[in-house]
1. May I ask you to list the residues in the range 201-219 that are buried (at least 24 other Cβ atoms within 10 Å of the Cβ) and away from ligand 1 (no atom under 12 Å from the Cβ)?
2. Go over the candidates ALA405, ALA419 one by one and state the one that is modelled with pLDDT of 95 or more and within 16 Å of ligand 2 (Cβ to nearest atom).
3. Here is a list: GLU42, GLU56. Which entry is under 32 Å from the mean Cα position of the chain (by Cα), acidic (Asp, Glu), at pLDDT 80 or above and not in a loop (DSSP other than H, G, I, E, B)?
4. Take the residues of the range 523-545 that are among the small types (Gly, Ala, Ser) and away from ligand 1 (no atom under 16 Å from the Cβ): which is farthest from LEU414 (Cα to Cα)?
5. Please go through (1) touching a residue at least 12 places away in the same chain (Cβ under 8 Å); (2) open to solvent by less than 30 Å² (accessible area, probe 1.4 Å); (3) away from ligand 2 (no atom under 16 Å from the Cβ) for LEU358 and return the number of the only condition it doesn't satisfy.
6. Residues in the range 384-412 that are touching a residue at least 12 places away in the same chain (Cβ under 8 Å) and closer than 20 Å to GLY361 by Cα: how many?
7. Identify the residue in the range 205-236 that is over 21 Å from GLU299 (Cα atoms) and of a type in the set (S, T, N, Q) and, among all such residues, is nearest to the chain's Cα centre (by Cα).
Amino acid sequence: MTFAIHGIAVARGIAIGRAVVMGSGRADVAHYFITPEQVPAEIERIRVGRNAVVDEIHRLQQTIAGMGPKEAPHELSALLDVHLMLLQDEELITGIKHWITDRLYNAEWALTTQLEVLSRQFDDMEDDYLRERKADLEQVAERILRYMKGMGSPVAQPPAAKRKTQQDLLLDESVDVPLVLVAHDLSPADMLQFKQSVFAGFVTDVGGKTSHTAIVARSLDIPAAVGARGASNLVRQDDWVIIDGDSGVMIVDPSPIILAEYGFKQRQAELERGRLNRLRHTPAVTLDGQKVELLANIELPEDANAALQAGAVGVGLFRSEFLFMGRHGDMPDEEEQYLAYKRAVEGMEGLPVTIRTLDVGADKPLDELQRDAAHLNPALGLRAIRWSLSEPEMFRTQLRAILRAAAHGRVNLLVPMIAHATEIRQTLSLIDFARAELDNRGDVYGPVQVGAMIEIPAAALSLRTFLKYFDFLSIGTNDLIQYTLAIDRSDESVAHLYDPCHPAVLRLVADTISECRRQNKAVSVCGEMAGDPQFTRLLLGLGLRSFSMHPAQILTVKQQVLRADAARLEPWAREVVDSEDPALVMGV
Ligand code: PEP
Ligand code: MG
């Protein structure tokens, strides 16, 4: 039966494929296709992993056999029996083999997929005792996965699968139909894994439009929706689904007519992409001759390539925190960071790269440990520059790495979430300190322009101080909206109130741009607003000439720039900002 689930649109386009449903916490396993020749080796990996866990349980049983009821209560040995039984369950083994043999999933992926199938069966059980055994099954699977992680994979991960069109789909019902991921939640670090993955689109139950998960999805340029409540419960493994990333709707089990309609839309979107591609080498200049700088936001050094491909004239925001995530407390040292920043700088072939210092906390935990230890209001807590200033050794390590990378090209250093004059002074003196350390070591480093992000209303209202100390400003509208309107950007239940068009937000953005222009200081916008073509004309009218966004958005925004007359937009932009209902005046 066809039904639709509505969520929040985060990344454009249409994806049509089979669902891979993933329970929370399962996203960190690798997902890739193997070749038919690799099937026996993958099945063997599962067998070895399972046998190792069986042996472990047998050993545990022997140990507790010699203990008294106090140290080893009866329930413990009963539990181990259940775990053994689950490990030997035919349905688990047969199912895993099916995913490996018939679908060519790698072993970990096959295991988690079958786990999901069996979990649903447990959920449907009438008997409370049996239903609760689902937790045991999850524990057993977790142990096998942990064991397999230690084994390493003999199978090299192939490059991401080519996205398929509806036409391909109708012709091809074989193993490599596109797959779309349906998950409860995905952390930004999980999302990074998907840069190399096979998924053609994804949907999550939770999340807001500018949550970092959504931001990474946009950078992957695959259709996606978040906040589609209940999706991971309602969709079953292998269901056919359509993700409409433009409207945030997922259609499950679509009828042939609906499939045909979306197939048509998909082809239209591909044609549009082709047309936009012709603008790659066209300079971004408005009708009245105003030059506009279109920069890229990147998460990893390798993204520099996508930035160049999209025609970016530099990187306006390198979110360095992605180098630090999911490493279980093992921070990259100065050398590793330096090499990563250098790769990004060299990758941009002489174009400027703005490296933002670590912005962790809130919805960007470094790893699960940090997420567990989340404070009551993490977005208001020890985040970004506050975290860096509380860890001065770590911060100086990053600063030295950035300064050294600046010897290889044009580098700007950007400080996130800064609000207080004391924070500004501390940051600048730590930069001086890092330079002095490099001098003492006799290391080579380059000059950097130092800028601040304007993402807290207090910063937007203290521009005089900011412009006194910094070379440039970059407006982070994602957080500026969050903190101006007191709306958690990753909470889908208040997503309808997360409003970039609120007059207070536009006033702060407008004043920041005009004050920078008055003082002849460089200013850009690097939040999602910069990549949203609905706002291009408004930002141009407010005097903005530097936009930083996901590479995938650059050509769409360039098209808007080419069609705009900046001088004529000025009075209209003032009217929008001064109005009670800016969205109405803008017609969005
Ligand atoms: C912002 O807040 O607008 C921004 C660009 O930073 P991030 O999205 O990484 O918080
Ligand atoms: Mg921010």
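1. Those that are buried (at least 24 other Cβ atoms within 10 Å of the Cβ) and away from ligand 1 (no atom under 12 Å from the Cβ): GLY201, PHE202, VAL203, THR204, GLY207, ALA217.
2. Only one candidate passes the filter, namely ALA419.
3. GLU42
4. Within the range 523-545, the match that is farthest from LEU414 (Cα to Cα) is GLY541.
5. Exception for LEU358: condition (3).
6. Residues meeting the conditions: 13.
7. Among them, the one singled out is SER232.
The rows are residues; the columns are (1) within 16 Å of ligand 2 (Cβ to nearest atom); (2) closer than 22 Å to ILE513 by Cα; (3) under 23 Å from the mean Cα position of the chain (by Cα); (4) among the polar types (S, T, N, Q).
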residue	(1), (2), (3), (4)
TRP387	yes, no, yes, no
ARG425	no, no, no, no
PRO447	no, no, no, no
ARG464	no, yes, no, no
LEU467	no, yes, no, no
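The values are calculated or read from the model by the stated rules, or taken from the named source; none is laboratory data. Source: prediction; values computed, not measured. FYI the Cβ positions are ideal-geometry reconstructions off the backbone, even for glycines, and counts take in every protein chain you see. Note: accessible area is taken over every heavy atom of the protein model, side chains too, but ligands, DNA and RNA are not part of it. Shrake-Rupley method; radii C 1.70, N 1.55, O 1.52, S 1.80 Å.
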